[in-house]
Amino acid sequence: MTVETEQTTDTPTGVGLSAGAAEKVASLLAQEGRDDLALRIAVQPGGCSGLRYQLFFDERSLDGDQIFEFGGVKVVVDRMSLPYLGGATIDFVDTIEKQGFTIDNPAATGSCACGDSFN
């Protein structure tokens, strides 16, 4: 299933990608020189709060994957991670204090101080 949107999704069952994050992902993909990769977002056990996010480029297509598209950038979420990511928005921050992807997840009830894991 592919969901088309330009900025972020407002659905509580999907994930969103800000315009800044989509631009950064597109830039990273251009550097890789491959057009068969998608940004995969997964939730894995671990971290001090119990669950942690993983973001990586992936060429695989797994059974049950949900695919969201934002201005030509594909974001893939596996069926086991999707319930933990409903309504989450991925952004890219580039300030003097911090640079990297952030995830605003309304489904998370708590997180650790470093922000790498949640519950």
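The values are calculated or read from the model by the stated rules, or taken from the named source; none is laboratory data. The shown structure was predicted, so the numbers you read here are calculated from the model rather than taken from an experiment. As a convention, Cβ positions derive from the backbone with ideal geometry for all residues, glycine included, and neighbour counts pool all protein chains shown. Remember, those area values only see protein heavy atoms, side chains included, never the ligands or the DNA or RNA. Shrake-Rupley method; radii C 1.70, N 1.55, O 1.52, S 1.80 Å.
Values for this structure:
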quantity	calculated
Integer Hz, Karplus 6.51/-1.76/1.60 couplings in order for the stretch 22-39, x for Gly and Pro	4, 5, 5, 4, 4, 5, 5, 5, 4, 5, 5, x, 10, 10, 9, 9, 10, 7
Sum of side-chain charges, Gly64 neighbourhood, beta-carbon under 10 Å (Lys, Arg +1; Asp, Glu -1)	-2
Order of exposure, largest accessible area first, which applies to Ile96, Ile103 with probe 1.4 Å	Ile96, Ile103
Separation of the Thr109 and Glu23 label points, Cα + 7 Å toward Cβ, nm	3.8
Portion, in percent, of the accessible area of the stretch 46-94 that falls on carbon or sulfur, probe 1.4 Å	49
Segment Phe56-Met80, extension gain: residue separation times 0.36 nm, minus the distance between their alpha carbons	7.0 nm
Order of exposure, largest accessible area first, which applies to Ser61, Ser81 with probe 1.4 Å	Ser61, Ser81
Within-15-Å neighbourhood charge of Leu29 [Cβ basis; K, R +1; D, E -1]	-3
Accessible area expressed per residue, the stretch 18-64, with surrounding protein chains retained (probe 1.4 Å, Å²)	58
